Structures are given as structure tokens and as C-alpha cells.
Amino acid sequence: MHFDPAMLARLQFAFTIIFHIIFPSFTIGLSAYIATLGVMWRWTEREHFHTLMRFWAKIFAVSFAMGVVSGVVMSYEFGLNWSRFSLAVGNVVGPLIGYEVLTAFFLEATFLGVLLFGFNKVPPWLYVLSAAFVAFGTAMSAFWILSANSWMQTPAGFELKNGIAYPVDWLAAVFNPSFPYRFAHMLNAAYLTTAFVVLAVGARYLIAGKYQEEARTMLRMAIGLTVIIAPLQLFIGDQHGLNTLKYQPVKVAAMEAHWDGAKPGDFEIFAWPDEKAETNRFAISIPHGSSLILTHSWDGLFPGLTSVPADQRPPVPIVFFAFRIMVAAGAFMIAAALYGAFLWGRGTLFDTRWYLHVMKHTWWVGFVAVMAGWITTESGRQPWIVEKILRTADATSPVIGESIAVTLVLFVLAYGVVFSFGIYYINRLINRGPSEVAEETGGFTGSPITAAHKAGREAVQGSA
């Protein structure tokens, strides 16, 4: 059996980053929600805001620990599997990732300790301020990671010497052409993802007839946020798409399965892109739909896949279907948010059982949208690991395929265990409910990872 080292290295990194992105996309939004609850608690002096704040802080601890465990592996993968990538562009990408640790992770980790362990040990204003700093730290972490990733999509502020990139303008490198759109899109997606988790938990409690005041607060806050940011994500995504069309037209052509740039692009609701025949099978299309969206003109033209040789095109079916999964999830979230706001305005939000049942079971939709979005943007960049500078096949380390295959299998097994226990612990914490937290007088003890373990152990004991 032949083991292709480049393909296996790509699969390994794809698996780890897709798995890892689940947790930052949740903790970025959840930290902001916890900080908001803290501000509401101090502003209104209503105790149920404080109860919710501490309840979600425990869930944050578990998620944070899972994010750390799943993310630390990627740093080693850069050196072990992608050493030529590190050599060629490490002068730019390395500092950007390093800034994330220096300016974001240290800030986040420091004040996370106060948030998890500081209740009844620091003044309430400092406790709430710590939550705000954690939220700011998670956003800053996203800032630097998205800057590094965006530079790989639209590199700027550098010069090439003997195939190695050297920074010449750090502002241009950090704020590269796609970064503002990508950062806004991802940050909004994180808030939207968390809002749907909160909405699902609130609906779950209302259906069960438990924790009614807290459940109603969760629903009102989640609907109030999603009715704004879900439609906003449509606008941000449109602007992001126009930016991508300008700098990465082949990626957009793959997203739309648009082959012939001499003709207006139809929007393919469904199709099977045939890469060999350079056509779409079983197509259900909206005539001129893609042209209208991308060029804002009925007969607008944009580059097709045939504008570049076949070896410079991304894997079209993967990009095409991932993009449609993301769009479908986004459309559902917009519809759910708007209808929830409609029910709230009519005063029937908490009594419309079918809506609550649907929301209870759709906590996962935001995560699917985020993963599909990452697959779209990363697969759509192929065959380049850094656009027009370094091909993916030229960025790997001289490692035998068998070694990568073994570690890939081990990662799948280990991450499967981590994910299973994490979801189990979080679900047990939700089963316990906010009232258990309200009865506690102390905080966590020990390290953040210990805190997460304790939270899960308490949840299991509490449900026994």
C-alpha cells in the first residue's frame, strides 16, 4: 500500500484543525456572553444573571480545556510535517502566531484564573472585569490567528529572497487585504454559534419546566442577539465573497462550480461537479444567480475554473458542497432568529412548543456552519498553501507516509475520547442546571484543567 506523505499530512492537519475550531468558535462567543451576564448582574443587581454567569463559566472551563488539548498538537505539526512551510514563510507566519500567545493567550489565561477561582475572593467588580478581559483575550486570539491565516490567503507586506519570505511592512502583513473580512466573518460566526447553544439550552429547560426565569433570560438574550447578527452575517459574507473574488477568483469559481468565465454564472442549488468533463451533472440552477450575487449585474462575468490549468484548481466538489452546507446552515439560523423575534413580539415565544422543540435540537447548527466555512476557505486555496507563493506539495517535511498514517489514527482515537468525554461532561452540567451553581458558596480550586475536570466530576456525581 502506498502512503502519500503530502496527502496524509494534509489529512492530519485538516482533522486536527477542524476538530479544534469547534472549541474556539464556542469559547469566543461564550466568554462574551459570560461577560455580558456579569455586567447585567452588576447593573440590575438581579441574582439570576449571576447564577447564569457562574453556570456558563463552568461550561467554559470544560470547553477551554478541550480547546487547549486539541490545539497544542498543531504547533508540533508545523515543525514535524510542514518544515518547508516553516522555512519558507515562518518569518511572517511565526511572529503572527507568536503575538497571539503574547498578547491574547497570556491575558486570557491570567484572568480566566480569576474568573474560575476568584468568586468570594475578589470584589464583584474585579470578578466581572476579569470576565471582560477573558472575552477580550479570546477576541484578540482570533485576531492574530485570522491575521496569519489571511496572510496565507492574500499575502502582503513581504519580499521574497531565494524562495523565503521576509517581512518589510508589518502593518501591511497584519492587515492584509482579506483579513478585515475574514476576521469579522469568523468573530460574528463565533457569537452566532454560541447564541444558538444558549438558545437550545434555554428551550430545553422551558420544555422540561425547570429553571424558568433563567431559561426565559437565555431565550430573550439569544433571540435578541441572533436577530441582529444572523442577518448581519449575510452582509459580511457577501462582502467577504466579493473580496475573495478580487484576490482569489479561482476559489470563488470552485464555490460556484463555474467553469466557463465567458458566460454569466448560474447559481447551482444542487449539482455534481465533474472535474474531468469540466461540467456540472444533475444541476438545479437559478439562471444568472451567481453573476447577480457576485457582480451585482444580471449578465456580469467572473473568471471560471477553466481560466487556469487543471493542476491549479482546488478540489471542486469539496469546496462546492462545503460552501452550500455553510449557506444552508446560515439561512436556517436567519430564519430561526427572525421567527423567534416574531414570536417574542407576539408574546408567544415561551409557549410555542414546536419552535422550542426545534431549537432544543439545533444547538449544533453553528458548529456545522463554522466547520463547513473552514473547509471551503482552506480547500479552496489549494493547490497553494500560501497563495501564489508556495504550493502545498512543496511545503511538507521529508517524513515517510507510514509514520504520518500511524499518528493520524492515534489522533483520531485520542480526539474521539476527548470529544466524547467533553460533550458528556457539558451535557451533565446542563442537566444539573443553574440552580446547583446558585447554591454553591465557593469557586473552583486548582488549575484551569483541574477546574474543567472537577466541573465534569461534579456533574456526574450530581446526576447520579
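The values are calculated or read from the model by the stated rules, or taken from the named source; none is laboratory data. Here the structure is a predicted model, which is why all the values come from computation and not from measurement. A quick note on method: Cβ atoms are made from the backbone with ideal geometry, for glycine too, and the neighbour counts reach across all protein chains shown. In case anyone asks, the SASA skips ligands and DNA or RNA and just uses the protein heavy atoms, side chains included. Shrake-Rupley method; radii C 1.70, N 1.55, O 1.52, S 1.80 Å.
Note the per residue figure in Å³ for the convex hull of the C-alpha positions in the chain.
So the per-residue hull volume is 164 Å³.
Considering the dipole of the stretch 199-297 built from charges on the beta carbon (Lys and Arg +1, Asp and Glu -1) around the Cα centre, which of GLY289, ALA200, ALA262 is farthest to its positive end?
ALA200
Return a single number: how many Lys pairs in the stretch 159-283, at a sequence separation of 8 or more or on separate chains, have alpha-carbon atoms below 26 angstrom apart.
Taking the Cα cut-off of 26 Å, the pair count is 4.
In the stretch 204-323, what percent of the accessible surface is made up of carbon and sulfur (1.4 Å probe, ligands and nucleic acids excluded)?
On the stretch 204-323, the fraction of accessible area on carbon and sulfur atoms equals 63 percent.
Rounded to whole Å, give me the distance from the Cα center of the stretch 358-375 to that of the stretch 35-49.
28
Hey, can you grab everything whose amide H is under 5 Å from the amide H of ILE385? Only 5+ residues off in sequence or another chain; H modelled, so Pro and N-termini drop out.
Under 5 Å from the amide H of ILE385: LEU390, ARG391, THR392.
Per-residue ellipticity at 222 nm for the chain, helices alone: DSSP H runs ≥ 4 residues times -39500 (n - 2.57), over residue total, nearest 500 deg cm²/dmol?
So the calculated ellipticity at 222 nm is -24500 deg cm²/dmol.
Output the DSSP H helices from the chain with an along-axis C-alpha extent of no less than 24 Å and a mean Kyte-Doolittle hydropathy no less than -1.0.
Flagged H segments are 5-44, 47-81, 124-153, 179-208, 212-247, 316-346, 401-432.
Suppose every Lys and Arg Cβ carries +1 and every Asp and Glu Cβ carries -1, with no other charges. What dipole size does the stretch 226-345 come out with about its Cα centre, to the nearest 20 debye?
It works out to roughly 200 debye.
So what is the relative contact order for the stretch 1-145, in percent, with contacts set as C-alpha pairs under 8 Å and at least six apart?
It rounds to 32 percent for the stretch 1-145.
Work out the length of the dipole vector of the stretch 258-305 about its Cα centre, built from +1 on the beta-carbon of each Lys and Arg and -1 on the beta-carbon of each Asp and Glu, and round it to the nearest 20 debye.
In total the dipole reaches around 40 debye.
Hey, how many Å between the Cα centroid of the stretch 194-223 and the Cα centroid of the stretch 314-340?
24
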